[in-house]
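Any read-out appearing in this document is the output of simple, stated calculations on the displayed coordinates, not a laboratory observation. Because the structure is predicted, anything quoted here is derived from the model rather than measured. Cβ: placed from backbone, ideal geometry, glycine included. Neighbour counts: every protein chain shown.
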Amino acid sequence: MIQTAVVGCAHIHTPNFVKQMQARQDVRVKSVWDHDAARAAATAEQLGAQTVESPEEVWSDGEVEAVVICSETNRHFDLVAPAAEAGKHLFVEKPLAAGADEAFELAETIERAGVRFQTGYFMRSNPVNRYLRDEITRGAFGRVTHVHVSVAHSGAMRGRFDKEWRWMADRDQSGVGGFGDLGSHALDLLLWLLSDSVETASATASVASATQRYGDIDEFGEGMLRFSDDSIGTITAGWVAVANPVQLIVSGTEAHAYVLDNKLSYQQGQGGEPFEPTDLPESLPHAFELFFDALGGADAPLVTPREAAIRASVMEAMYAGAAKGEWVAPRLS
């Protein structure tokens, strides 16, 4: 039985994570903490757990081996570092931090502690994405010239952040707006498809608000990466999209692929006929499930702390580029 604690219940994905932990036979949530006592109590009741008055009670509890951190992003640094130093395995909802300095310091702390780490980049488990990564890795695309990923929904127009999730539309607490929130997933997928093998040379973006429902925080945007080999990566993300049909494009000198409404179309060679591959790999569990699978002894692929830090750093550079109207070189270590 994996004895677990939940530290921070603020994130919009917390209810789903609660259901996933409830459904597992190998996970027992012993304790819950949140700076909002009522929120902690409600989550603890669902999990049959006790509340504690401070996170230090979790760090000092020798029975707790894993911690799920779903706090506001601006609280991550003060929670993740002591949890790692206390030897707790960590699931930290993305992003790891709002900027490069804190993200890389946390990554170093986690690596030094030698604990397992995972964050919520669930798109890596998708069979289509896994297939395309394998194709890129084996060289089927030739030189990859452009990768585009789009992750968007209509959350702002539906008032998704009006009440209990309002902090996510507060830049001081979340570190990002709608572009960075969903763009974090798009950015992870883009870099992961390329196996993080292409050095990022510079980044920029354009972000804006469409409804002003949450003040002047950005609700959508387009980010661009210019790699050292002159290949290009772009991401589209935000909370004001009525639809998001074109989710992925990979273009290379030997092949082209796109995902339209979750269906993959793949063309090899200039005269090749587009086809829908049937030999896709199996779907993997959600990133949250993979965390507990790994703790249970399974050979489950996890996001590394350094990967998580790089995503936070590149996103910070994109926002800086948007603010300055120029290209910004992100910190990569």
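If each residue of separation counts as 0.36 nm, what is the full-extension length gain between ASP229 and GLU111 once their alpha-carbon separation is subtracted? In short, 39.5 nm is gained. Rounded if a/c is under 1.5, else prolate if a/b is larger than b/c, else oblate: which is region 1-96, with a ≥ b ≥ c the root eigenvalues of its Cα gyration tensor? Because its axes are fairly even, with a/c under 1.5, region 1-96 counts as rounded. In this structure, GLN212 and THR278 have a Cβ-Cβ separation that, at R0 = 45 Å, corresponds to a calculated FRET efficiency of about 0.45.
Taking the average, over residues, of other Cβ atoms within 10 Å as the packing measure, peptides 193-199, 114-120, 252-258 rank 114-120, 252-258, 193-199 from highest down. Mind checking the angle between helix 76-85 and the chain's longest principal axis? C-alpha axes, 0 to 90 degrees, to the nearest 10. Once rounded, the angle reads 70 degrees.
With K and R counted +1 and D and E -1, the other residues having a Cβ less than 13 Å from that of GLN3 yield a net charge of 0.
Using a cut-off of 15 Å between beta-carbons, work out the net charge of the residues near SER231 (Lys and Arg +1, Asp and Glu -1, SER231 not included). Overall, the nearby charge balance is -3.
Which of rounded, prolate or oblate describes region 78-185 when judged by the alpha-carbon gyration tensor and an a/c cut-off of 1.5? Note, shape of region 78-185 comes out oblate. Rounded to the nearest 10 degrees, the angle from helix 178-193 to the longest Cα principal axis of the chain is 60 degrees. Taking the DSSP bridge list for the chain and keeping only pairs wholly inside it, about 55 percent are antiparallel. Protection proxy ranking of 47-59, 83-95, by the mean of other Cβ atoms within 10 Å over each peptide's residues and highest first, is 83-95, 47-59.
The length gained on full extension between LYS263 and ASP162, counted as 0.36 nm times the residue separation minus their Cα-Cα distance, comes to 33.0 nm.
With the helix formula -39500 (n - 2.57) applied to DSSP H stretches of n ≥ 4, the chain reaches a computed 222 nm mean residue ellipticity of -10000 deg cm²/dmol.
The overall shape of the chain, judged from the alpha-carbon gyration tensor, is prolate: a/c is not under 1.5, and a/b is greater than b/c. Applying the Karplus relation 6.51 cos²θ - 1.76 cosθ + 1.60 with θ = phi - 60° to region 305-313 yields 3J(HN,Hα) values of x, 5, 4, 4, 5, 4, 4, 5, 5 Hz, where x marks Gly and Pro.
Among residues other than ALA42 with Cβ under 11 Å from its Cβ, the summed charge is -3 (Lys and Arg +1, Asp and Glu -1).
Approximating the spin labels as points 7 Å out from Cα along Cα→Cβ, the ALA23-to-ASP172 distance works out to 3.8 nm.
The DSSP beta bridges internal to region 127-282 are antiparallel in roughly 80% of cases.
Inter-label distance, SER54 to LEU332: 4.2 nm, where each label sits 7 Å from its Cα along the C-beta direction. Would you mind checking LYS88/LYS263; LYS19/LYS163; LYS30/LYS163; LYS263/LYS324 for any pair whose Cα atoms are more than 32 angstrom apart? Among LYS88/LYS263; LYS19/LYS163; LYS30/LYS163; LYS263/LYS324, the Cα-Cα distance tops 32 Å for LYS88/LYS263; LYS263/LYS324.
Here the Gaussian network model covers the chain, with springs between Cα atoms less than 10 Å apart; of ALA40, ALA243, ALA308, ALA243 fluctuates the most.
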